[in-house]
Amino acid sequence: MDAKQLQQVLEAVLKQQAQTTSTANNATLASALSGRITTFNYDPENGSTFESWFKRFGTLINDDGKDLPDASKVRLLVGKLGEEEYAKYSNSVAPDTPDIITFNDTVKNLKLLFADTRSLFVRRFECLKIKQQPNQDIDSLIGQINAACENANMALTKEDLKCLIFIIALRDDAHDIRQKCLQILEDARIKKKSINLKELAEECRAYQLVKESALSLNNPRADTNAIRAKPQHLKDKGGKQNQKFVRHFAKAEPKLTQTSQPRGKPTHACASCGRTDHWRNDCRFKDVTCNKCKKKGHIAKVCRSTYTANSISIVQKPVKSFFTINNQGEWWKVNVNINGSSHRMNVDTGAQATLITTQLWNKLGKPTLFSADIETMNCNGQSFATEGKFDCMVSYNNSTPIELTAYVSQAVKHDLMGIPWIKELEVIPKEIMKPCHLQSISANLPITDKNSLINSLQTNFSDVFGKELGHVKKFKAHLYLKHGATPTFCKARPVPYGALPAVNAELDRLVEIGAIKPINFSHWAAPVLAVKKKNGKTRICIDFSTGLNNALELNRHPLPRPEDIYMALNGAKFFSRLDLRDAYLQMELDEESKKLCAINTHRGLFQCQRLPFGVKSAPSIFQHLIDQLISGISGVFGYLDDIVIASKTSKDHTKTLKLLLKRIQDYGLKLQLEKCDFLQEKLLFLGHVVSPEGIKPDPGRSEAIRNMPAPHDKSTLRSFLGALTYYGRFIKKMREIRSPLDELLKKEIEWKWTETHQKAFERAKEIMLSDLLLTHYDPKLPIIVAADASKDGIGATISHVFPDKTEKVIEHASCTLTAAQRNYSQIEKEALALIFAVQKFHRMLYGRKFTLQTDHKPLV
């Protein structure tokens, strides 16, 4: 070895020693810094954000750790994140990993991810609400104010300050107005626009009027103050006004008295909107069209087409022909419960409607009346007037209350129970009613025979129920490739000999109906596999996960939430379900997309001409089509290839069915008649049975649950818990039931099936096999939200209170406590349960009053 080689060896050794020393020094420095930095736990409610944490420790990392390489600083920073925070961060940067991101980018990402969730104006609002606590000294208060002002960026303009003072000055019960104001200010800040107090007040007034109008239109029966009061233009001057008028959300007409007004101010209510703070010429509603009378110049709230007579409000409806027979002689009387109170009525088997006196109507609290859709006559053929009709909850002999219709008339002297009530309440047993053929009495009312309806639909829409493949006329499906995507070609998979005849037959069928066509060459190709369906037929499934799906941009048209559909079915008594034949295949691909959807089979290449199952964007593309198909048709809901029609009457149902089938015909779609259900009283939809009473799980799953063996490893336990999750909304305190089973799934827990686990398993099966029923959400009924906490989980229930004071559950919810939350005191757990309940049921609670229940007395 010469001198030059020796020199090179020495330099290499020295360099390696320096690197080793540097690495050791870096590790020592990083370890020392880590010991001086506390773990970051995200808690925005208490001001613990990443920005505040980094203000404290960022200087330490940047100054004392300035000699650390960038990767070491990233490891140090990420290593100080709590478990939940690290999981959330790593998910947010996926598919990248935290270690390949630079330190500066890591800090930037963490500041965005773990920022203060409150808007700037909410922080300012809370800053101005600071008050000295009983045991707080001056220095502590000043420190709190400095920190809050810094966090709220309190460099306020004069108008900003006035807006905040306005929000603080709002009454305590004006929560929604306050929330709307904060939203307006935050939106303006994001758009970098200035807003003054006058503009904010205008926005609030507009919001107020819109909400009042919406309440008036959407919930007329709940608006009892507006019903009992005469319209303002019919009141006597100086008459008493409703003393319960609320300034922000008035339920009665605005108060008008002959008090003196300042010069130049209006002396009467605006005829366009009912307010008294402007002249009609300046009213923003002077050119709108009324939703009640369809005339221009006013809103529904002040519409004069709704008149009052004897304090009864009538809403006009179409008129049918109807006879009421008033028998003479001895009456048969029964006691019935109407809207929670007992009343005695005369049973009249000759009356086709239930008629009550105005005296009973007054006792019931004068419920809202709608115009009577009948003409009434006595047994002598003489007509008499009715004041209107209303719906009420009625029960007989302690039966479950049901909703029935009663008519009010000043001409009757007795409360008469007619045939509809007699039949529904079973005052006369059904066995006795049947031979009487009482339906002939109601010959003028629409009676729809299911079989004749189906025959009529088949005749009038024969092409809709045809056997051939449908072809959407409106548009073609397009698949979008990601930029730079390269084709993937997969070879054909072998087909089992026993399945060859069925696969060949299915390929021939698809070619015959035009769903696929043979080709000689393609850059793209996906393999296929054969799956046997329940009816014994074979379906060819295309495995696009082999390449095409990864190369496609996802179509993001949203699928409807099943919960929203179930909620919209409230009040319906008749249901139908339409099933589309070979649903996706009815939509043609455009030419560009056809080239992407080639399949490789044992018979060579085929090109898909129609939208195939298995393509990543197919569900969203097809849902977009269904949403367009049913748009504008009331009572129709679509979830992919299942379309549901729900109506309150058979007449409306038939009308909607025909309208929808005409739309389907225009689109070129085809239905599978044997899978359609018409005029059902209950319906299986999206795995649940829907009926007028509510929703419950599919009873078809009972046998599978009953025969389900106990899990023998973590994989089979996960499968069972997945099935149990399906029942989550139906089961109270779900987390308590499954808690022992969840423990077994933890990584650090060794699998050991004990008697405790077997009991939890059997209890869960027993509950799943019980009669589980949830009522429909009804915006007109009062709501109770209850919450409870145990040592391992929290649960919540939202219920309706019906007129007979019974409570029925709308939905249950539960959540397992985290390791940190398990350390909370019991009062903190109970408070957390209340917060969880309100957040979970937010969509049903927002914008309305409700009762919040807790069994933890220290919270009250």
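The values are calculated or read from the model by the stated rules, or taken from the named source; none is laboratory data. A quick note: this is a predicted structure, and the numbers were derived from the prediction, not measured. In this analysis, Cβ positions are derived from the backbone assuming ideal geometry, glycine residues included, and neighbour counts consider all displayed protein chains.
Could you list all residues from segment 189-199 that are in a helix (DSSP H, G or I) and at pLDDT 80 or above?
E199, the sole residue that qualifies.
For segment 747-804, which positions are out of contact with any Gly (no Cβ under 9 Å at 6 or more places or on another chain), within 24 Å of L834 (Cα to Cα) and among the aromatic types (F, W, Y)?
Matches in segment 747-804: Y777 only.
Provide a single number: the residues in segment 744-771 that are more than 19 Å from N707 (Cα to Cα) and within 31 Å of the chain's Cα centre (by Cα).
Final tally of qualifying residues: 1.
Could you grab the pairs with beta carbons closer than 7 Å, sequence gap of 6+ or different chains, first residue in segment 490-510 and under 13 Å from L529 (Cβ atoms), second one of a type outside the set (D, E) and in a helix (DSSP H, G or I)?
Cβ pairs passing all conditions: C490/T546; V495/V503.
Filter segment 810-842 down to residues that are free of Cβ contacts under 8 Å to residues at least 40 places away in the same chain and under 25 Å from the mean Cα position of the chain (by Cα) and give me whichever is surrounded by the fewest Cβ atoms within 10 Å (Cβ to Cβ).
Ranking the candidates gives H842 first.
In this structure, is D508 charged (D, E, K, R), under 30 Å from I798 (Cβ atoms) and out of contact with any strand residue (DSSP E or B) (no Cβ under 8 Å at 6 or more places or on another chain)?
No; evaluated as a whole, the condition is false for this residue.
Go through segment 207-223 residue by residue and tally those that are at pLDDT 65 or above and surrounded by fewer than 13 Cβ atoms within 10 Å (Cβ to Cβ).
Of the residues in that region, 1 qualify.
Is it the case that V472 is of a type in the set (V, I, T) and assigned by TED's automatic domain parsing to the domain that holds L686?
Taking the combined requirement at face value, the residue does not satisfy it.
For the list (1) assigned by TED's automatic domain parsing to the domain that holds R610; (2) among the aliphatic types (A, V, I, L, M); (3) touching a strand residue (DSSP E or B) at 6+ places or on another chain (Cβ under 7 Å), I need the number of the one condition that L453 fails.
That leaves (1) as the condition not met.
Does G728 fit the bill of being in contact (Cβ under 8 Å) with a residue 60 or more places away in the chain and on the phi < 0 side of the Ramachandran plot?
yes
Could you name every one of the strands (runs of 3 or more DSSP E) located completely within segment 464-582 that has at least 3 residues being β-branched (V, I, T)?
Those strands (runs of 3 or more DSSP E) span 538-542.
Could you check, for segment 592-605, whether at least one of its residues is surrounded by fewer than 17 Cβ atoms within 10 Å (Cβ to Cβ), of a type outside the set (A, V, I, L, M, F, W, C), closer than 30 Å to R663 by Cα and touching a helix residue (DSSP H, G or I) at 6+ places or on another chain (Cβ under 9 Å)?
Within segment 592-605 (the criterion being surrounded by fewer than 17 Cβ atoms within 10 Å (Cβ to Cβ), of a type outside the set (A, V, I, L, M, F, W, C), closer than 30 Å to R663 by Cα and touching a helix residue (DSSP H, G or I) at 6+ places or on another chain (Cβ under 9 Å)), the answer is no, since none of the residues qualifies.
Inside segment 448-457, can you point out the residues that are touching a helix residue (DSSP H, G or I) at 6+ places or on another chain (Cβ under 7 Å) and part of a helix (DSSP H, G or I)?
Scanning segment 448-457 gives L453, L457.
Report yes if L724 is modelled with pLDDT of 80 or more and either surrounded by fewer than 16 Cβ atoms within 10 Å (Cβ to Cβ) or not assigned by TED's automatic domain parsing to the domain that holds M393 (or both), otherwise no.
no
Condition check: of a type in the set (S, T, Y) and either out of contact with any helix residue (DSSP H, G or I) (no Cβ under 7 Å at 6 or more places or on another chain) or surrounded by 17 or more Cβ atoms within 10 Å (Cβ to Cβ) (or both). Does S790 satisfy that?
Answer is no for this residue.
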